[in-house]
Each structure stands twice: as C-alpha cells, then as structure tokens.
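Enquirer: After the structure tokens below, expect a handful of questions from me.
The values are calculated or read from the model by the stated rules, or taken from the named source; none is laboratory data. If you're wondering where the values come from, they're calculated on a predicted model, not measured in any experiment. Using ideal geometry, Cβ is built from the backbone for each residue, glycine included, and neighbour counts are taken over all protein chains shown. Just the protein is used for accessible areas: all its heavy atoms, side chains included, with ligands, DNA and RNA removed. Shrake-Rupley method; radii C 1.70, N 1.55, O 1.52, S 1.80 Å.
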Amino acid sequence: MRTFLAPRSGDDFSSMGRAIEERYARCKEWWEPHLSCTREFIAHNLGRCSRLAVLGAGRLLDLDLSALLERAREVHLFDADPECISRWRVAAGADFRRRVIPHIEDATGVLAAWTQPLKAVARRGTLAEYLWDLEAVEPQWARGEFDAIISLNIAGQIPLYWRDRVLAVKASLTASESAALESSMSELQCAHMRALAADAQALRIVVTDTEYYYYDVDQPEWEVEGALYGDSAALFNEFFERGSSSCWLWHLAPQYIESDNEGEIHRVEARVRPPRL
C-alpha cells in the first residue's frame with residue numbers, strides 16, 4: 001500500500017497520531033465530509049446503552065463524545081496512542097474517569113508479542129515460517145461486557161501497523177514471506193471481526209476503509225487496492241449483513257496538498273449489527 005505518511009514502527013502510535021492530526025489540519029476541507037458521515041452514522045444507529053466501547057477513538061476527530069454520553073451511562077475509549085489521553089480529558093471534563101473511561105491499549109492484543117521475536121527470526125532466515133504460524137488471541141476489550149461497541153476506522157488500519165513492523169525488520173521480502181505476511185495481516189483483521197461478532201446480544205457498529213484509490217496525473221487509470229485481507233471481507237459481509245449500512249468516499253490526501261502529482265481516496269463502509277433479542 002502506498003502512503004503519504006511516514007512508515008509506522010513498533011512504538012510509533014503517538015507519532016502516527018500526531019501525523020494524522022497534522023494531515024487533518026492541512027486537509028480539513030476534504031476530511032470534513034468523511035468525519036461528518038461517520039458521526040451521523042453513529043448518531044443514527046446508536047441507541048441507549050449502559051456500557052459503550054469505542055475502539056480507535058483516537059483524538060476524537062470523528063467522534064462526538066458529548067452525543068455518546070447522552071446515549072450511554074459509561075463510555076470506554078480505546079486507543080494505542082497515549083497522547084489521546086489529554087484530548088479525552090479535555091473533551092470529557094468532569095466526566096473523565098467517572099463516565100468516560102480511558103484505555104490505552106493495542107486493539108489486537110498481540111502486536112507487542114508478535115513484534116518481539118521479529119529481528120531474531122529474520123536473522124535466522126525463518127521469517128516466512130514464523131509469520132505462517134501466528135495466531136491472534138481474543139482481545140481484552142472483547143471480555144469487557146459491553147452492550148455496544150464501535151470499531152471506528154481501525155479495521156483497515158490494524159494490519160498496516162503490523163505490516164510496517166515486519167518491513168522495518170526486512171524491507172525486501174521473498175514471495176513466500178510476502179504471502180505469509182499477508183496471511184498474518186488477514187489473521188489480525190479476522191480476529192477483530194470475530195471478536196466484534198462474538199456477542200449476539202450486543203450492538204456493534206463498524207466503520208472501516210474497504211478500498212484505497214490512488215490517482216496520478218501521469219496515469220490514465222487509478223490504482224485500486226483492497227483494505228480487507230483474506231477472509232476478513234467475507235466475515236465483514238457475513239457478520240454485518242442484517243443491519244443498516246452506508247458508504248462514502250474519503251478524500252484522504254488531495255492532489256496539490258501533499259503532492260503535486262498524486263492523491264489518495266478511500267472508500268469507507270459503515271455497518272451495524274443489531275442485538276438479537
């Protein structure tokens with residue numbers, strides 16, 4: 001996948017959070033339709049609940065915290081970027097740590113464990129075997145007894161953080177290593193989808209990239225890349241087929257803002273899985 005931001009590394013969640021915030025400042029005019037669609041979809045589909053979890057809450061660019069507090073007794077915000085805490089504290093005011101509960105943790109629950117052996121594995125020449133054998137575990141948030149969960153623009157991002165960690169250790173992969181890496185990326189996304197769908201009695205809202213579109217002034221056709229790997233696209237469609245849905249385009253990196261010659265647009269899909277009563 002091409003990107004206009006610096007590559008991610010193992011402890012780079014804060015750097016990426018700052019980079020996203022800086023890009024938003026540059027591209028606000030083009031980002032606002034996406035952010036507005038996200039907030040409106042959540043507002044339309046989120047009913048009253050007791051304990052709400054927001055995975056990938058980030059710096060609250062696409063989240064109206066005050067609106068969530070009108071619907072939920074407790075709002076649990078999850079993100080791997082520790083710098084989000086200051087944004088959450090300001091937005092929550094007196095409700096911080098009382099009704100707005102912060103959680104600084106990796107949504108997959110495995111990135112640190114998967115990353116630790118990478119350098120040694122690459123030195124031994126057994127990277128492909130290591131990647132093929134990786135299995136995701138049930139993340140901690142899935143055991144939190146939430147009656148509503150929002151996966152907020154992270155399902156498409158989860159495997160990219162892992163990909164960048166692998167490429168930081170070995171930039172040029174063999175064909176077998178590339179296939180194994182893609183399999184492990186799919187494993188992370190599938191585990192995320194399975195965890196979201198595990199409790200049939202709870203409401204689930206997913207907002208995610210599904211396709212990336214790249215345009216170049218020197219190319220007559222756009223480059224298109226999928227954001228859901230392996231079986232994760234099928235799981236996404238299977239688990240979230242019954243509820244309401246919406247889709248829109250997000251002009252992530254407009255031409256002339258970050259590059260004179262190229263730009264990037266994402267297709268975003270939002271789905272709801274209502275609780276089974």
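Enquirer: Give the residue that is farthest from Asp147 (Cα to Cα), with candidates limited to residues of the stretch 174-186 that are buried (at least 17 other Cβ atoms within 10 Å of the Cβ) and of a type outside the set (D, E, K, R).
Expert: It comes out as Ala180.
Enquirer: If you go through the stretch 240-259 one residue at a time, do you hit one that is modelled with pLDDT under 90 and of a type in the set (Lys, Arg)?
Expert: yes
Enquirer: For the stretch 6-65, which residues satisfy the criterion of being over 18 Å from Pro102 (Cβ atoms), within 14 Å of the chain's Cα centre (by Cα) and among the hydrophobic types (A, V, I, L, M, F, W, C)?
Expert: Met16, Ile20
Enquirer: While we're looking at this one, here's another question. Which fully enclosed strands (runs of 3 or more DSSP E) of the stretch 1-117 have 3 or more residues being within 27 Å of Arg271 (Cα to Cα) and either open to solvent by less than 20 Å² (accessible area, probe 1.4 Å) or basic (Lys, Arg) (or both)?
Expert: So the answer is 49-55, 72-79.
Enquirer: Now a separate question. I'd like to know if the stretch 151-159 contains one or more residues that are at positive phi and crowded, with 17+ Cβ neighbours inside 10 Å.
Expert: Within the stretch 151-159, one or more residues are at positive phi and crowded, with 17+ Cβ neighbours inside 10 Å.
Enquirer: While we're here: Could you tell me which numbered condition Pro159 fails, if it satisfies all but one of (1) modelled with pLDDT under 95; (2) more than 30 Å from Glu40 (Cβ to Cβ); (3) not aliphatic (A, V, I, L, M)?
Expert: Of (1) modelled with pLDDT under 95; (2) more than 30 Å from Glu40 (Cβ to Cβ); (3) not aliphatic (A, V, I, L, M), only one is false for Pro159: (2).
Enquirer: Report, by residue number, each residue of the stretch 235-250 that is open to solvent by 50 Å² or more (accessible area, probe 1.4 Å), in contact with a helix residue (DSSP H, G or I) (Cβ under 9 Å, 6 or more places away or on another chain) and under 24 Å from Arg163 (Cβ atoms).
Expert: Within the stretch 235-250, Leu249 is the sole residue that qualifies.
Enquirer: Does the stretch 252-271 include one or more residues that are farther than 30 Å from Glu29 by Cα and surrounded by 14 or more Cβ atoms within 10 Å (Cβ to Cβ)?
Expert: No: zero hits.
Enquirer: Another one. Would you check which residues across the stretch 187-211 are farther than 17 Å from Gly56 by Cβ and surrounded by 24 or more Cβ atoms within 10 Å (Cβ to Cβ) and list them?
Expert: The answer is Glu187, and nothing else.
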